[in-house]
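Reading through the structure tokens given below for one structure.
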Amino acid sequence: MISANQALKRLRQGNQRFVSGTQTHGALADEAGNRRGPLPQTKPIAVILGCSDSRVPVETVFDQGLGDLFVVRVAGNIAAPSQIGSVEFATKRFGTPLVVVLGHSFCGAVMATIEELEKPSTNQSPGFREIVEAIRPAVEQSKHENGAELAADLLERAVRENARASIDQLTHGSELLGQLVRQEELSIVGSEYFLATGIVEFLPVGHI
């Protein structure tokens, strides 16, 4: 079984290939729409809890192929019960050693939450309100720390704070995941994808 450090190294290397344009995983189907190669086994090296934003294609960003990643996507990369359950499933079913919470620059869900704090609305759908309420603590914390800094600074800080919040939810909101972390059988790390450059920056544990 691959270790968490080895999995993280593969993700770093894959992102470097993506940024430099030297990807090793190309199109997954030919021009006729037929899938290339035999059906791969599902043995993911990492679970990625990422945002649903269409500008963040996870397998492409990390230059990984079919079966390499177990991807959970939701607006704002929040760790609500269903997302936690999906991560639990992957770690239990496949023994995946690494979970990466993948935030990204200019996250629309974080922006919407900032706007909601500044000017509360009354016509949000219940589902969207749930996402905003999940992100709200991260924005409030970032706003307090940033003080009177620029709006762009608040957004950047809130994206990272929101990733940290999801890590906390995964670690402390799941008995299974928390136990795996304590037993050093699982690592959960945060990261941020920069839309302008394609670079994924992994965030130091405890210093997000």
Open item on the list: What's the number of the only condition in (1) part of a helix (DSSP H, G or I); (2) farther than 22 Å from residue 73 by Cβ; (3) touching a residue at least 40 places away in the same chain (Cβ under 8 Å) that residue 153 fails to meet?
Closed with: (3)
Open item on the list: Can you pull out every residue in region 182-203 that is closer than 14 Å to residue 99 by Cα and either buried (at least 18 other Cβ atoms within 10 Å of the Cβ) or in contact (Cβ under 8 Å) with a residue 40 or more places away in the chain (or both)?
Closed with: 185, 186, 187, 188, 189, 190, 191, 192, 202, 203
TODO: Check off (1) modelled with pLDDT of 95 or more; (2) in contact with a Gly (Cβ under 9 Å, 6 or more places away or on another chain); (3) part of a helix (DSSP H, G or I); (4) small (Gly, Ala, Ser) for residue 190 and give me the number that stays unchecked.
DONE: (3)
Task: Number of the condition not met by residue 154 [criteria: (1) at pLDDT 95 or above; (2) surrounded by 15 or more Cβ atoms within 10 Å (Cβ to Cβ); (3) aliphatic (A, V, I, L, M)] - done: (1)
Open item on the list: For residue 49, only one of the following conditions fails: (1) closer than 16 Å to residue 11 by Cβ; (2) modelled with pLDDT under 95. What is its number?
Closed with: (2)
TODO: Return the total of residues in region 74-100 being farther than 16 Å from residue 188 by Cα and of a type outside the set (A, V, I, L, M, F, W, C).
DONE: 4
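Output the residues belonging to region 70-120 that are acidic (Asp, Glu) and more than 27 Å from residue 197 (Cβ to Cβ). Working first, answer last.
Step one: of region 70-120, the residues acidic (Asp, Glu) are 88, 115-116, 118.
Residues satisfying the conditions are 88, 116, 118.
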- [ ] For residue 139, state whether it is surrounded by 14 or more Cβ atoms within 10 Å (Cβ to Cβ), β-branched (Val, Ile, Thr) and at pLDDT below 95.
- [x] yes
TODO: Identify the residue in region 85-122 that is under 14 Å from residue 51 (Cα atoms) and not hydrophobic (A, V, I, L, M, F, W, C) and, among all such residues, is surrounded by the most Cβ atoms within 10 Å (Cβ to Cβ).
DONE: 103
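With respect to residue 166, determine if the residue is part of a helix (DSSP H, G or I) and of a type in the set (Ser, Thr, Tyr).
On the way: part of a helix (DSSP H, G or I): yes; of a type in the set (Ser, Thr, Tyr): yes.
Here the answer is yes, as residue 166 does meet what is asked.
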Open item on the list: For the list (1) of a type in the set (Asp, Glu); (2) under 25 Å from residue 71 (Cβ atoms); (3) without any contact (Cβ under 8 Å) to a residue 40 or more places away in the chain, I need the number of the one condition that residue 115 fails.
Closed with: (2)
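Name the one entry in 105, 125 that is farther than 19 Å from residue 44 by Cα and within 15 Å of the chain's Cα centre (by Cα).
Working: 125 fails: within 15 Å of the chain's Cα centre (by Cα).
None of the other options fit; the residue is 105.
The values are calculated or read from the model by the stated rules, or taken from the named source; none is laboratory data. This one's a predicted model, so the numbers in the text were calculated from it and none came from an experiment. Glycine gets a Cβ as well: all are built from the backbone with ideal geometry, and neighbour counts include every protein chain shown.
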